[in-house]
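The values are calculated or read from the model by the stated rules, or taken from the named source; none is laboratory data. If you're wondering where the values come from, they're calculated on a predicted model, not measured in any experiment. Positions of Cβ are backbone-derived with ideal geometry, glycine not excepted, and every protein chain shown enters the neighbour counts.
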Amino acid sequence: MNDPAPHAARFHAGLGAGLALALALAWAWLAAATAGGTEARERKDALAAAHALAAKVEAAGATEASAAGAVAAWQKAQRAGTVARVVLVDGARLAASTDPADAGETAAPRRLRLEEKALFDRAKRLRGIAEENAQGVQKTSEEDASRREDGSWQVAVPIRRAGAVVGAADVERPAAPPAASGGSGPGPGGRALAALLALALPLAAFAPARRLRGPWAPAAVAVALFAIGFGTFVAWASRATGGAGDGVSALSASAVAGLLALGVVGSGIAERGLRALSKNRVAYAYTLPAMVGMVVLVFFPFFYGIVLSFTGQTIFNVNEPLSDLWVGFTHYKDILGDLALVKRVEDGSLALNYGNFYWTLIFTVVWTVTNVAIGVSVGLVLALALNVKGLALRPVYRVLLILPWAMPNYITALIWKGMFHRQFGVVNYTLMLLGFEPISWFDGPFTSFLTALATNGWLSFPFMMVVSLGALQSIPADLYEAARVDGATRWQQFRSITLPSLKPALVPAIILSVVWTFNMFNIIFLVTAGEPGGATEILITQAYKYAFQQYRYGYAAAYSTVIFALLLTYGIFQNRVTRATEGI
Amino acid sequence: MVLVTLYPLLWVITISFSGGQSLALAALPPQPTKLDLVRAVIPWPQTLSAENYVSVFRDQPFARWLLNSVAISAATTVLGVFLACTAAYAFSRFRFPGRRTGMMSFLVSQMFPGTLMLIPLYIIIVQWLGLGSSRVGLVLVYATTAIPFCVWMLKGYFDTIPKELEEAAVMEGAGPARIFWTVVLPLARPAIAITALFSFMTAWNEFILAATFMDKEEMYTAPVGLRFFVGGFSQSWGYFAAGSVVVSIPVVFLFLYLQKYLVSGLTAGSVKG
């Protein structure tokens, strides 16, 4: 049992540290949240005002004549100092303005002056965006909002007449007068409360720390007390900021952070961690460079990819924060819930829907199974052929037969693609030689599949051959002798001697080959490129297409995560199977 | 069977020496006879010429692409092997909390291909770090994908170095750094060499990451450049063939030398479990 006095001291130190951390975080977040909250609110209000103006102008017919009346009616409800202008794009006209400077000679309606080009540009831009949105799928925001240094907001929204954008409602809304609420953090009352908490908690914890046993109990008590105190603080703070949603959520986050910190320190995890760290400094120092690299460039992208899969990020909205683009499980529902394997074509018949996830999955599985089967059988046959005793030039054959594996696989993919060329490819020449008609290989899904199969089969059998050969050569010849003496036929010898000896080598090779083939990006991408029409895509090339040809990053990330989940399942399953077979 | 195996290689060599850009081995008359077809299938060029080899270097930026590949692969190898050495040594010699997790995480990350993480990697490297179309970016990505494999190979080798040597050095008063640099590393030279060669080869042969990250033509690596020759915008099979032969020769020889280590490492490791 720990010496009570140092334990209590450490405990209080931990408590104080955790509390200070949480309060500091809360302070900072609250300040940012109130400022941000204010900013967000101001933006919203400015845009609402602009929309209201646009609605009034549209209701009045969106013409120059009617604009002034609409604007005047609107102006009354606005904050003092708000300036509104109605801009019409055609003819660069200022239809109405509440700017006090636009009076007399420069009163609206009139043509826009050169200095007012910004107004015209904004209106024109909004019209362009509206037209693009009407045509395309991607929706860009049809609002323009910018905040000036002094806190005022300049916003613009489109004005429509008969469905088409004819101009913009341009509103300048001054900053809110300095309010008594919010400010930058808790006032003196809050600070006093914080000080009280800081004093009270250690005092309150002191008694339990003496009486309760184990590292967890005092920590739990402290956490509970802290939660009560901090909860009060949060309630006060959110009331003070007028219930700004951002503020409350930020405070909750900081509350959680504070509780975690307390828990970690109070329960001794931090202390044990630090001790382990210093005891094994050398080891950690040595692994640090590699681990940093791995974390930054392997693990972080992996988790970021998963986060990305829950957003609707595309190339058009990369600059927006992810929280704005959150779509939850939409992508997953689209991918996994799309059971439309067949669809109706124009002539009414049914056709396979190649973009469907399940089709691609089935195709990938078929692709993997056939490739591995071909690789294993061809490799095994060749290994048996090469294993014949006294084969002349065996090393030569071995080297030559490994060449397909040795060549960079993107080169062989392109070579085979060239050989399958409809007009000039040697495969069709050979077909013609044998009296057949040349085939348009990439026009039909099955023939396209065959091209990829041939290519991958060609470059994957050497691996199987080498593995089989190695295993075969380790089988002692006496076994065969004994079997022959006992009268076993060649087939029986093969089944009872050769195959079992091959298993320990072939099984891991097959497992590896399955994973490699499942993800064989280069062959599919370079040989068939998914032709025709996406029929020969495997999962991983499909994900690539979504990301880099359709630029739908969020959707592609979801697709990749699904692939990852499949591989993980396979990995777990395979682990169990090999563990089971190893026992044999 | 050997003929079928070798045929594509002979085909590409033939085209490289054919002096033209066509992917047909021989021009066919409109009504080809059987003999014409046979001629068109035999991998021997109609006109023997090394013109493609010369012009791919002279008229195309191929030399630059080749240099890019060399630079990137070399940098990847140096960085990857160095990082892997220290980590493998720690995993092999020290026992510390997180050792097992660390090794498992390396192993697990091997199972998942780079293309799965291509999207976030792209966002991180190109948009956040601004390293798109730069050699540094690609080297970073390649090095981190090479590390797990190197760590496993090196750790296996370090495990076979007897600890008595290090204990003797400790008794003579050497610190851990000295032991690492002067005792262990020289002994591990063969394993380091092999690991380095594997890393080099992997980086040299890598296509898709390079194609995604390198936008500017002068930054292409050799694989991307070769694909560019026959990609659909151009059909310069002669250049492609000549370039392929040049790119493949070192790799093929390297591979033939290394393949026995690869197979034994892969299967032995998996069987041991």
key: Subset of region A:411-456 (residues that are surrounded by fewer than 19 Cβ atoms within 10 Å (Cβ to Cβ), of a type in the set (S, T, N, Q) and farther than 21 Å from B:L9 by Cα)   = A:S440, A:T447
ask   = Would it be correct to say that A:I511 is touching a residue at least 12 places away in the same chain (Cβ under 8 Å), touching a helix residue (DSSP H, G or I) at 6+ places or on another chain (Cβ under 6 Å), farther than 18 Å from A:N353 by Cα and not polar (S, T, N, Q)?
value = yes
task = Select from region B:71-130 the residues that are aromatic (F, W, Y) and under 13 Å from A:M294 (Cα atoms) and list them in ascending order.
result = B:F106
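Could you tell me which of the residues B:W44, B:W65 is away from chain A (no Cβ under 11 Å), within 21 Å of the chain's Cα centre (by Cα) and modelled with pLDDT of 70 or more? First the steps, then the outcome.
Working: B:W44 fails: within 21 Å of the chain's Cα centre (by Cα).
After ruling out the rest, the residue left standing is B:W65.
Test A:V372 against the criterion of being touching a residue at least 60 places away in the same chain (Cβ under 8 Å) and either away from chain B (no Cβ under 12 Å) or basic (K, R) (or both), and give yes or no.
Here the answer is yes, as A:V372 does meet what is asked.
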note = Restricting region B:189-217 to residues that are in contact (Cβ under 8 Å) with a residue 60 or more places away in the chain and outside any helix (DSSP H, G or I), the one surrounded by the most Cβ atoms within 10 Å (Cβ to Cβ) turns out to be B:E206
request  = Within region A:63-94, track down each residue that is hydroxyl-bearing (S, T, Y) and under 13 Å from A:V171 (Cα atoms).
outcome  = A:T82
inquiry  = Tally up the residues in region A:406-434 that are in contact (Cβ under 8 Å) with a residue 12 or more places away in the chain and among the β-branched types (V, I, T), please.
reply    = 2
request  = Quick one: which helices (runs of 4 or more DSSP H) lie wholly within region A:483-580 and hold at least 3 residues that are closer than 26 Å to A:Q473 by Cβ?
outcome  = A:490-493, A:499-518
query = What are the residues in region B:116-134 that are within 8 Å of another protein chain (Cβ to nearest Cβ) and surrounded by fewer than 17 Cβ atoms within 10 Å (Cβ to Cβ), if any?
reply = B:Q127
Qualifying positions in region A:494-516 - crowded, with 17+ Cβ neighbours inside 10 Å and farther than 22 Å from A:R576 by Cα = A:I497, A:T498
task = Please give the number of the condition A:Y553 fails out of (1) facing another protein chain (nearest Cβ under 7 Å); (2) more than 28 Å from the chain's Cα centre (by Cα).
result = (2)
query = Could you say which residue among A:A558, A:A543, A:A505 is over 25 Å from A:F463 (Cβ atoms), of a type in the set (A, V, I, L, M) and within 8 Å of chain B (Cβ to nearest Cβ)?
reply = A:A543
task = Identify all residues within region A:380-427 that are of a type outside the set (S, T, N, Q), in a loop (DSSP other than H, G, I, E, B) and farther than 24 Å from B:P223 by Cβ; write none if there are none.
result = A:V388, A:K389, A:G390, A:L391, A:A392, A:L393, A:R422
request  = Determine if region B:82-92 includes at least one residue that is more than 23 Å from B:P190 (Cβ to Cβ), out of contact with any His (no Cβ under 9 Å at 6 or more places or on another chain) and within 11 Å of chain A (Cβ to nearest Cβ).
outcome  = no
task = Only one of these is surrounded by fewer than 18 Cβ atoms within 10 Å (Cβ to Cβ) and modelled with pLDDT of 85 or more: B:A71, B:A50, B:A75. Name it.
result = B:A71
inquiry  = Restricting to region A:454-482, and then to whatever is away from chain B (no Cβ under 14 Å) and in a loop (DSSP other than H, G, I, E, B), can you tell me which residue is farthest from the chain's Cα centre (by Cα)?
reply    = A:P476
query = Looking at (1) under 30 Å from A:L325 (Cα atoms); (2) part of a helix (DSSP H, G or I); (3) not aromatic (F, W, Y), can you tell me which one A:A145 breaks?
reply = (2)
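I'd like the residue in region A:428-449 that is assigned to a helix (DSSP H, G or I) and not hydrophobic (A, V, I, L, M, F, W, C) and, out of all such residues, is farthest from the other protein chains (Cβ to nearest Cβ).
A:P445
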